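Notes follow once the structure below has been shown.
The values are calculated or read from the model by the stated rules, or taken from the named source; none is laboratory data. The model shown is predicted, which means the values in this text are computed figures rather than measured ones. Quick reminder, even Gly has a Cβ in these numbers, built from the backbone with ideal geometry, and neighbours come from all protein chains shown. Side chains included, ligands, DNA and RNA excluded: accessible areas come from the protein's heavy atoms. Shrake-Rupley method; radii C 1.70, N 1.55, O 1.52, S 1.80 Å.
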Amino acid sequence: MVHLERAADSWVELTGPRGDDDLPRRILTHGSSLTRAVVPVPTDGHNTVHLEMHTRRGWRIWLHPPQNIPLLDEEVSSTGSYVLRHPGGREPLRVTQHDGSAFSLHVLQADFRPGKLLREGTGAFTAEAVTPKRPCLLYIRSQGLWTLTPTGDLKRAEP
């Protein structure tokens with residue numbers, strides 16, 4: 001994971017390993033009013049991640065080890081892209097985006113690429129999702145304010 005904080009009025013493009021078409025994969029294009037993001041960086045066996053940034057002020061970027069990612073064990077609310085650890089067990093969630101544009105909640109694959117889509121929406125909305133049975137990382141893609149709320153007992157969740 002990469003944790004990025006940037007100055008307002010700046011623009012960031014973060015690219016990762018080259019794809020099958022030999023072009024770098026865009027991980028994050030961030031030119032909104034948001035000033036922070038936590039995003040997964042796909043693995044390819046190399047030691048580099050490319051960052052292109054245009055800014056008039058300061059910025060910080062650092063690696064965020066998966067074991068330090070917050071655990072989804074109670075309500076979590078944030079703004080922008082984020083990654084959470086799910087301890088395992090199918091659990092119903094209430095997914096709310098309070099404002100913003102596109103939203104998606106994905107399970108991250110072992111190589112940190114977005115995998116199964118659990119929920120998506122646009123603008124302000126509230127919907128339900130169910131977490132996977134196995135422990136995993138969950139990736140929220142959004143530029144708005146969102147909240148994930150566990151709403152039930154793991155044992156009562158539908159299989």
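Mind listing just one residue for me: the one in segment 129-147 that is touching a Ser or Thr at 6+ places or on another chain (Cβ under 8 Å) and of a type outside the set (Gly, Ala, Ser) and, of those, modelled with the lowest pLDDT?
Among them, the one singled out is Gln143.
Checking Ile61 against (1) open to solvent by 20 Å² or more (accessible area, probe 1.4 Å); (2) assigned to a strand (DSSP E or B); (3) over 26 Å from Thr48 (Cα atoms): exactly one of these is not met. Which one?
Only one criterion is unmet by Ile61, namely (3).
Residues checked against (1) of a type in the set (Lys, Arg); (2) closer than 22 Å to Leu4 by Cα; (3) touching a Gly at 6+ places or on another chain (Cβ under 6 Å):
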{"site": "Ser78", "(1), (2), (3)": "no, yes, no"}
{"site": "Val83", "(1), (2), (3)": "no, yes, no"}
{"site": "Glu91", "(1), (2), (3)": "no, no, no"}
{"site": "Thr96", "(1), (2), (3)": "no, no, no"}
{"site": "Arg119", "(1), (2), (3)": "yes, no, no"}
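Please state which of the following conditions Glu128 fails to meet, knowing it meets all the rest: (1) out of contact with any Pro (no Cβ under 8 Å at 6 or more places or on another chain); (2) open to solvent by 70 Å² or more (accessible area, probe 1.4 Å).
(1)
Among the listed residues Asp73, Asp9, which satisfies the condition of being under 26 Å from Gly123 (Cβ atoms), of a type outside the set (A, V, I, L, M, F, W, C) and either part of a loop (DSSP other than H, G, I, E, B) or at pLDDT 70 or above (or both)?
Asp9
Here's a check for you: in segment 91-112, which residue that is in a loop (DSSP other than H, G, I, E, B) and either among the aromatic types (Phe, Trp, Tyr) or surrounded by fewer than 17 Cβ atoms within 10 Å (Cβ to Cβ) (or both) is modelled with the highest pLDDT?
His98
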